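So the structure is just underneath, and the comments pick up after that.
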Amino acid sequence: MSANNQSSKPWWRQVLTPGWVIAALLIGVFSYYAFTFLAPWQLGKNEALVERNEHISAAFEHDPEPLSTRLGADGSLDEGAEWSRVVATGRYTGPDVLLRLRPVDGAPSFQVLTPFTLDSGEAILVHRGWVKAKDSTQVPDIAPAPDGEVTITGMLRADEGVHPNPPMHEQGYDMVYSISPQQVGDMVGQKLASPYLQLLGDEPGVLDPIPLPQLETGNHLSYGLQWILFGAAAPAALIYFLYADSRERRRFEAEQKQMLDDVTSGASPDPTPAPSRTRQRYGTSRANPWAKAYDKEEER
């Protein structure tokens, strides 16, 4: 293709090659994924942790409240009430159900869930704490919940939802894979409130209490901002290289036009051959591929 024909093409036709098209599609998919999934995922985790930390801090700034003040009329958890400290009076009225495959402090463990009936007649699931598994898989001896009426203090926790794996009965205990009061209530034949109560230390019936989470948010905010930066930088880099490629093509066309003008004007060539030169492209030195193609065309 001659230089005149090449220069007659608009710039966008000159860069409309399979390589550039595929690169643009891949960068578009990456940027879309970064903006719509990866960044919101990390920023959402950061927001949830910040909210959790605020609730935990607020819970210890005042005395525990009666459980009834933090539950809705249907026994559901009021909005923003998770991690609230509450006090409840009643009795343990159901068999222990174990939460399996949930390590605590890196140790294999079983977490113990027991129904608790309030003086009002309503019932709530109580997380009594955890026991370390024997030989990683065996249930150890578990201290039973006390008989009679007791007053307990704990933190309200939201229903985790039903796990895809069904409950199982093993080693004399019903076992579940997530803490869902509705699922546990169906297993023990009691109607339980939607949230559950996680006991704090030194409470009646508590085993080893579940440690409270550290009040930190980790690196989720910086990860989210990084995904936003990557999503914006990728198209910017593509635009830069397209511009650099188009500029290189225009420079080559100008050189070819100058060579043709020199030949047309009859200028005598320099008898001393000039040393071969290389041109800078994208910051690296390389031979001009279009010049080679033009030379081959001229030899024909």
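The values are calculated or read from the model by the stated rules, or taken from the named source; none is laboratory data. Note that the structure is a prediction, hence the values are computed from the model and not measured. Backbone-built Cβ (ideal geometry, glycine too); neighbour counts: all protein chains shown.
Some values worked out for this structure:
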| quantity | calculated |
| --- | --- |
| Qualifying residue in segment 215-226 (condition: in the same structural domain as Leu26 (by TED's automatic domain parsing), under 29 Å from Ala34 (Cα atoms), modelled with pLDDT of 90 or more and exposed (fewer than 15 other Cβ atoms within 10 Å of the Cβ)) | yes |
| Qualifying position, being surrounded by 14 or more Cβ atoms within 10 Å (Cβ to Cβ) and free of Cβ contacts under 8 Å to residues at least 60 places away in the same chain, among Val97, Val139, Val131 | Val139 |
| Within segment 69-88, considering residues that are in contact (Cβ under 8 Å) with a residue 24 or more places away in the chain and of a type in the set (Ser, Thr, Tyr), the one nearest to Ala158 (Cα to Cα) | Ser76 |
| Which numbered condition Leu98 fails, given (1) of a type in the set (A, V, I, L, M, F, W, C); (2) at pLDDT below 95; (3) not in a helix (DSSP H, G or I) | (2) |
| Conditions (1) surrounded by 15 or more Cβ atoms within 10 Å (Cβ to Cβ); (2) at pLDDT below 95; (3) assigned by TED's automatic domain parsing to the domain that holds Asp105; (4) not hydroxyl-bearing (Ser, Thr, Tyr): number failed by Ile210 | (3) |
| All positions within segment 45-67 that are surrounded by 13 or more Cβ atoms within 10 Å (Cβ to Cβ) and farther than 30 Å from Leu221 by Cα | Pro64, Glu65, Leu67 |
| Matching entry among Val126, Val104 (being in contact (Cβ under 8 Å) with a residue 60 or more places away in the chain, under 30 Å from Asn219 (Cβ atoms), of a type in the set (A, V, I, L, M) and in contact with a strand residue (DSSP E or B) (Cβ under 6 Å, 6 or more places away or on another chain)) | Val104 |
| Condition met for Gln182 (over 29 Å from the mean Cα position of the chain (by Cα) and over 14 Å from Leu99 (Cβ atoms)) | no |
| Exclusive hit being surrounded by 13 or more Cβ atoms within 10 Å (Cβ to Cβ) and out of contact with any His (no Cβ under 7 Å at 6 or more places or on another chain), set Val86, Val29, Val21 | Val86 |
| Failed item, numbered, when Gln214 is tested on (1) polar (S, T, N, Q); (2) in a loop (DSSP other than H, G, I, E, B); (3) touching a Pro at 6+ places or on another chain (Cβ under 9 Å) | (3) |
| Residue selected from segment 143-164 under the condition within 17 Å of Leu101 (Cα to Cα) and surrounded by 12 or more Cβ atoms within 10 Å (Cβ to Cβ), by the criterion nearest to the chain's Cα centre (by Cα) | Glu160 |
| Single condition Arg91 does not satisfy, out of (1) in contact with a Pro (Cβ under 6 Å, 6 or more places away or on another chain); (2) in contact (Cβ under 8 Å) with a residue 12 or more places away in the chain; (3) among the charged types (D, E, K, R) | (1) |
| Spans of helices (runs of 4 or more DSSP H) in segment 1-90 with at least 3 residues modelled with pLDDT of 85 or more and among the small types (Gly, Ala, Ser) | 18-33 |
| Enumeration of residues in segment 78-103 that are closer than 21 Å to Val184 by Cα and among the hydrophobic types (A, V, I, L, M, F, W, C) | Trp83, Ala88, Val97, Leu98, Leu99, Leu101 |
